[in-house]
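This report concerns only the one structure given below.
The values are calculated or read from the model by the stated rules, or taken from the named source; none is laboratory data. The structure displayed is predicted, hence computed values, not measured ones. Cβ coordinates were reconstructed from backbone atoms using ideal geometry, including for glycine residues, and neighbour counts include every protein chain displayed. The area values use the complete protein model at the heavy-atom level, side chains included, leaving out ligands, DNA and RNA. Shrake-Rupley method; radii C 1.70, N 1.55, O 1.52, S 1.80 Å.
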Amino acid sequence: MEDKKPIIELKDVTFTYASTETPALKGVNLTIYEGEYVALMGLNGAGKTTLQLTFNGVIPNMMMGDFEGTVIVSGMDTDEYPVREMAKVIGLVFDNPEFQLSQMTVAEEIALGLENIGTPPAEMHRIIAESLEIVGLSGFEDRSPFGLSGGQQQRLSIASALAMKPRIVVMDEPTSNVDPIGKEEIFAVAAQLNRERGMTVIMAEHEVEVMAAYADRIIVLHKGEIVLNGTPHEVFTQVDTLKSIGLRVPQATELAYQLDQKRLASYAGKYPVTTEEAVQDLTDKFGKGG
Amino acid sequence: MPEEKIVCQNLGHVYPRGKIVALENVNLTICSQEIIGVIGQNGSGKTTLVKHFNGLLKPTSGKVIVEGNDTAKKKVQELAAHVGYVFQNPNHQLFAKTVEHELEFGPTNLGLSREEVEERREKAIEFFGLQDLRLSHPYRISFPLRKLVSMAAVYTMRPAVFILDEPTTGQDNITTRTVYRLIERLREEGSTVICVAHDMILLAEVVDRMIVMRNSHLIADASPREVFSDTELMHSTHITPPQITSIGLRWPGFGEKKVLLSVDEAVTAINSSNPPANS
Amino acid sequence: MQGVAIPITMVAGDSYIHRLNPLPKLFIALGVLILSFATRNPLVLGVVFALGLVFVTAAGIWKSYLRVVGILFPISLTLVVMQSIAPAFPRPWTPITDFGPFTIYQEGIYSGVSMLLRIFSMTTFALVMIMTTHPSDLFTSLQKIGMPYVLNFILTMTLQLIPILQNEFAIVLSAQKSRGMKGSGFGAVLPSMVPVFVGAIERVQQLSISLESRAFGSTGIKTSFRNVTMSLKDYVIMVLGVLATLATTVWVIADKSLDWSRTLIFPPTLSIIIVALAAIGFVAFFILAISYVLRA
């Protein structure tokens, strides 16, 4: 194991939105390490979005409610820094691509944050070009953000966050409003940021098969609490727990689980999570022929 | 004998602005009690196609006949009793102060008597399990439930055909399962269901026929098994079949190019060809 | 999808006027606006209008310009009709002739015609400014002369929001028609407006979180992505333009002989022709517009 440096630390975080009674997060303790790709899973309303909003201080700084505990991101206590300061460390991308856009051109959309922190124009142009290149939108500078496809809009949102040079990118169901090509593009960009640039990526996502293939770690939230937290293998092996809270496992895992249950094969609690692993396991257990 | 519900004859559509061809020469017959998936990337023409089914768009060439009505001669409002359209985003549909009022909107528009409106409302509440939400404000309930309310609001129109635009997007597993069950039950009641969806697991498990759109053309109209087995087609439309289908195609033990649609099918296939493991 | 959009946006181009800094264009347009309100003299207004058309030609925006005029002209014709029979002018009025149940007045025709020219002289200059200037450049320039950054953002956002809300409205309308809603009448107001309104609020809330997460609202020095500079040439044009419009304004106010309201005599036949054409033009446009909206 390489030396792991914590980049996000939550201690006993509890948050209750104003106008509601039950806490959206209940006593959450969590450490995320630099360079990790973390998937957040859970039912709608399990607390995924709320948790993500604590990472850059939107909660408690911009949301009404009761907040307890501490969130330290890259050494900064989110309670003490305004959200706009946190932008230099952590970028957020939300589920509805259109609701994050406001400018007339793609370049201006990215420039918005840079103008606010006083980046000199010459450097701004360089950063815009670089950010667009990372997300594969070079040449789109003068297009209207609202004329882009959903996948392109999400990549633009990622680029806008990247322009601030953060070390962490948080994405809240970034693919829920885009088509299959758009999904592929977003997953590819996220993986590239993590693998090639060593950025910490945190993604809330319903697509278990994809997350099983990409994420280093899966965190499962249920009713505001972390119920499972580990590698995809560790988490998806807990099929019964996941099913009891209404979540799906990858079909690769589900197949092994059922074969195990019906005593058609013995997996000894080590289920595959990806297509490749499932095919390999089937070959190991049943050979190549029928 | 299946009844013909929607018939497209040489259907074409050119958007007036910029003369963009959105559909070209689509021929299609949709019958009662079919469950159909319409797939393709955004911009492939799939939304343009289904918007012709309830008259939101009129053919610029060819014809669409819905339960015997030529859609070119009917208003959307008149076709609403034949074909129900549940939009992707429930927020585009819901406006009333309570779920009950929301459910009364459609049948009231149809000019039904008060008793009948109430009867339909009650039936929809029961069918979609909305008993606890009757008096809730549609905007104050969770997104998955809001989606069910928007489906229920269309259900009160008693259409013969339901169009569901992305019924499972952004939904968790529990709601997705609920949607699967509802689609099956709609069929049992005699309805036709058309799902415009990117969710291949949904389509593999629920649908009996898939219509694949690409570049304004209908390029395939076949069972999910046939569509998913056509790797060329999958590739050209950038569609990834469910994981279990990929496993089935890659592990030779299932048999020559076996196309699996669900985990249950895979388990059955292994069960029938392999003795239980002895280790 | 198709809303009835009013086509007032920038027209891409690289004319001399396009390359001019937004500020001289803005100030000249404002100067013409003041000048147009300072006089009723048809000759002065007509010359200003003609000058505006020269700029339309220089900017190469005739096509887009005519599309706006196509809407504006028929609507302005009502002014001619209304003014002719009820002038916005101190009495006594000089009757010229009867037109059906109405009386056409000398002052009315004069006032109607000058108002028409006034509208066209100022909108022509305004359109030249709008159609040759990128809105972001304009807002950035204004920010440079003291407009707050947040106001710049709000203006930009508002411009963006109009077509988005039009589009949302079209979607909501299709959704409700699919539920059998009759397209018009009081009953259609809530079902078609509430979702658009609620969606807009949700959009703004989400946007504010998203913006804050991108350092929007940081204190300290702000920079501009758009590089809008004022060259010597821009200053010269601005100063000359402002001086010219101001000087003309002073002249048209001071020179009483420019009031032609009693000297520019409209013969009865001509008056009837003007009013009748204006009325026919407007009614025809109205019928066309209604039938277009009903069809959509």
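Under 5 Å between amide H atoms, partner at least 5 residues away or on a different chain: which partners does B:Ala22 have, H built in plane at 1.01 Å?
HN-HN under 5 Å from B:Ala22: B:His13, B:Val14, B:Tyr15.
May I ask you to derive the FRET efficiency for B:Lys19 and B:Lys75 from their Cβ-Cβ distance with R0 = 41 Å, giving the value to the nearest 0.05?
After rounding, the FRET efficiency stands at 0.95.
Using DSSP to define loop residues, name the GluC sites (Glu not before Pro) in segment A:1-97 whose beta-carbon has at most 15 other beta-carbon atoms within 10 Å.
Counting only loop positions with at most 15 other Cβ atoms within 10 Å, the GluC sites (Glu not before Pro) in segment A:1-97 are A:Glu2, A:Glu21, A:Glu80.
About the Cα centre of segment A:100-165, what is the dipole size in debye to 20, counting +1 per Lys and Arg Cβ and -1 per Asp and Glu Cβ, all else neutral?
180
In whole Hz, with x marking every Gly and Pro, tabulate ³J(HN,Hα) for segment C:189-199 from phi via Karplus 6.51 cos²θ - 1.76 cosθ + 1.60, θ = phi - 60°.
The phi angles translate into 5, 4, x, 8, 8, 4, x, 5, 5, 4, x Hz.
Give the accessible area for A:Lys11 in Å² (nearest 10); use a 1.4 Å probe, count only protein heavy atoms, and leave out ligands, DNA and RNA.
Here the residue's solvent-accessible area equals roughly 110 Å².
Taking chain C as a Gaussian network, where each spring joins two C-alpha atoms under 10 Å apart, which residue of C:Ala247, C:Ala126, C:Ala59 fluctuates the most?
C:Ala247
Which far-off residues, 5 or more places away or on another chain, put their amide H under 5 Å from the one on B:Leu57, with H placed in the peptide plane?
Here the answer is B:His52, since their amide H atoms fall under 5 Å of that of B:Leu57.
At 222 nm, what value in deg cm²/dmol follows for chain A if DSSP H runs of at least 4 each add -39500 (n - 2.57) and the sum is divided by all its residues, to the nearest 500?
Mean residue ellipticity at 222 nm (helix-derived): -11000 deg cm²/dmol.
Sequence-distant or interchain residues sharing an amide H contact under 5 Å with A:Arg143, placed H: which?
A:Val106, A:Ala107
For segment A:195-207, in order, what is each residue's ³J(HN,Hα) by Karplus, 6.51 cos²θ - 1.76 cosθ + 1.60 with θ = phi - 60°, in whole Hz (x at glycine and Pro)?
So the J values, rounded to whole Hz, are 6, 8, 10, x, 7, 7, 10, 10, 9, 8, 7, 8, 7.
How large a share of the accessible area of chain B, in percent, is made up of carbon and sulfur atoms when the probe is 1.4 Å and the other protein chains stay in place?
About 49 percent, which is the carbon plus sulfur part of the accessible surface.
Top mean-square fluctuation among A:Ser160, A:Ser102, A:Ser74, Gaussian network model of chain A, C-alpha springs under 10 Å?
Top of the fluctuation ranking is A:Ser102.
So how exposed is A:Asp12, as accessible area in Å² (1.4 Å probe, rounded to 10)?
About 90 Å², rounded to the nearest 10.
What's the buried accessible area, both sides, between B and C using a 1.4 Å probe, rounded to 100 Å²?
1900
Which residues among segment A:195-228 fall inside the zone where the amide N is under 12 Å from a point 7 Å beyond the Cα of B:Ile174, along Cα→Cβ?
Flagged as within label range: A:222-224.
Given points 7 Å out from each Cα along the Cα-Cβ axis, report the C:Arg91 to A:Phe146 separation in nanometres with one decimal.
For the pair C:Arg91/A:Phe146, the computed spacing is 5.0 nm.
Using the crude model of +1 on Lys and Arg Cβ and -1 on Asp and Glu Cβ, and no other charge, please compute the dipole size for chain B relative to its Cα centre, in debye to 20.
Numbers: 30 positive and 33 negative charges, 175 e Å.
That gives a dipole near 840 debye.
Could you check the simple spin-label distance between A:Met64 and A:Ser138, using points 7 Å along Cα→Cβ, in nm with one decimal?
In this crude label model, A:Met64 to A:Ser138 measures out at 4.8 nm.
Hey, what number do you get for chain B at 222 nm if only DSSP H runs of n ≥ 4 count, each worth -39500 (n - 2.57), divided across all residues, to the nearest 500? Each step should come with its number before you reach the end.
Numbers: 11 runs with 104 residues, N = 279.
The per-residue figure over chain B is -10500 deg cm²/dmol.
Report the paramagnetic label zone for B:Asn27: residues of segment B:217-233 whose backbone N is under 15 Å from a point 7 Å from Cα along the Cα-to-Cβ axis.
B:218-221
How large is ³J(HN,Hα) for each residue in segment A:181-188, as worked out from phi by the Karplus curve 6.51 cos²θ - 1.76 cosθ + 1.60 (θ = phi - 60°), to whole Hz, x for Gly and Pro?
After applying 6.51 cos²θ - 1.76 cosθ + 1.60, I find 4, x, 4, 3, 4, 5, 4, 5 Hz.
Specify the residue with the greatest mean-square fluctuation among C:Asn152, C:Asn21, C:Asn41, computed from a Gaussian network of chain C linking alpha-carbon atoms under 10 Å apart.
Ranking C:Asn152, C:Asn21, C:Asn41 by mean-square fluctuation puts C:Asn152 first.
What's the Cα-based Rg to Rh of the protein assembly as shown, Rh via Kirkwood?
1.04
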